[in-house]
Each structure stands twice: as C-alpha cells, then as structure tokens.
Amino acid sequence: MSDPTERLTPEDALLLLVDVQGKLARLMHESEAMIGQQAIMIEACRMLDVPIIWAEQLPEKLGPTVPELSEKLDGLQPMAKSSFGCCGDPAIMQAITQSGRRQIMLIGIETHVCVWQSAAALRDQDYSVHLICDAVSSRSEFNRDIAFRRMESTGVKLSNVEMALFELMVDASHTRFRDVTRLLR
C-alpha cells in the first residue's frame, strides 16, 4: 500500500482530466462548481509545468469537452476512448507511462464510473492516485460519495484543489505562488 503521508510533487505529478463533455457534464451534482474547480486545476497545472492528459469518452456521441475547460487546454489534444476507465485505452495508458510520472491527480466525471475505473486500474499498476474531490462529480451525490469511499479503501488519496496546489508549491516563496493563489480567490 502507498504511503498515506505522501505529498504531491511537481516533478512526479500528472493531471488526468476524465470526460467532462457536453450535456452530461451539466447534469452532474453541483456541475458549475465542479467545472470551476477543474478550470482552476488546469490553469494551475499549466503554470506549475505539471503535464495534463485529456480524455474524452466517445466524443462523437457525448460531444466535446465543455468550453470552460477546452479553452484552457489550448495546444493540447483530447484523447478519445471507448473504455470507461482511461487505462483501458492503450494510447492514454501509453501517454501516462511515457510521462514518467507516478502521481496521478484525477479530475472529471462520473466519479463512480470512469473516474473510479481509472483510479482502480492505476492503483493496480502501483500509481499513486490523488482524487481531487471538489473537481469530480456524478449525477447524484450518493453515487459520488460511494465512489469516494470505494476509492479510499483501495489506497486512493482524497484531496481537493487547494490542498493539491499548495502541496505542489510547498512554500510561499514558490515563483508561481501569487499566480496560483490568485486562481483560488
């Protein structure tokens, strides 16, 4: 089992954005707040040079990633998948492996399906998985909360946007501290 006190580091962390697409994204429990937190994570990771992998579930059926996020992902390309979990897609798994990063921060939807299956498969491969709880959701709060409990029982670390970003920066003297904390206001 992974170290429960392990902290995120900018050299080892990667952000995995899971399926925040089309009308489905708007049906999530507290969707507006969730998308806002995801946008902060994306912007901050770009400032902190933390790589981002961007997955979309059957975009031809579910539509593209919501514009509030896709506009912040300029220069990156979404990776289409049909498997619920990101690790079931060879191209996404190859991108994760090639990054050399072992700490995976998960954001996206739905917590109890695609996010959970991604987390479980990553844990099976001994990745350190950090679920950014305020940047994931499901259509129902109940389904989201069951997924939190299930993930935590497998060694996934529960976190939130502010906690993760402060872990990545470590110190108020970080060169991007002011820029990142401005996003949190």
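The values are calculated or read from the model by the stated rules, or taken from the named source; none is laboratory data. Quick caveat: nothing in here was measured; it's all calculated off a predicted structure. Backbone-built Cβ (ideal geometry, glycine too); neighbour counts: all protein chains shown.
Here are a few things to note about the model shown:
- Test: Ser138 is in contact with a helix residue (DSSP H, G or I) (Cβ under 6 Å, 6 or more places away or on another chain) and of a type in the set (Gly, Ala, Ser): yes
- Among the residues listed as Ile96, Ile53, Ile92, the single one being within 13 Å of the chain's Cα centre (by Cα), of a type in the set (A, V, I, L, M, F, W, C) and either more than 25 Å from Leu183 (Cα to Cα) or at pLDDT below 95 (or both): Ile96
- Meets criteria (over 22 Å from Met34 (Cβ atoms), hydrophobic (A, V, I, L, M, F, W, C) and modelled with pLDDT of 95 or more) for Met169: yes
- Exactly one residue among Ala80, Ala55, Ala91, Ala95 is surrounded by fewer than 19 Cβ atoms within 10 Å (Cβ to Cβ) and outside any helix (DSSP H, G or I), and that residue is Ala80.
- If you go through the stretch 98-122 and keep only what is part of a helix (DSSP H, G or I), in contact (Cβ under 8 Å) with a residue 60 or more places away in the chain and not aliphatic (A, V, I, L, M), you end up with Ser99, Cys114, Ser118.
- Residues of the stretch 13-52 that turn out to be free of Cβ contacts under 8 Å to residues at least 24 places away in the same chain and part of a loop (DSSP other than H, G, I, E, B), as a count: 0
- Counting the residues of the stretch 102-113 that are surrounded by 22 or more Cβ atoms within 10 Å (Cβ to Cβ) and more than 13 Å from Trp54 (Cα to Cα) gives 4.
- Members of the stretch 25-42 that are crowded, with 18+ Cβ neighbours inside 10 Å and over 12 Å from the mean Cα position of the chain (by Cα): Ala25, Met28, His29
- Just one of the numbered conditions (1) more than 15 Å from Leu17 (Cα to Cα); (2) within 14 Å of the chain's Cα centre (by Cα) is not true of Gln125: (2).
- Some residue of the stretch 164-183 being of a type in the set (Ser, Thr, Tyr) and assigned to a helix (DSSP H, G or I): yes
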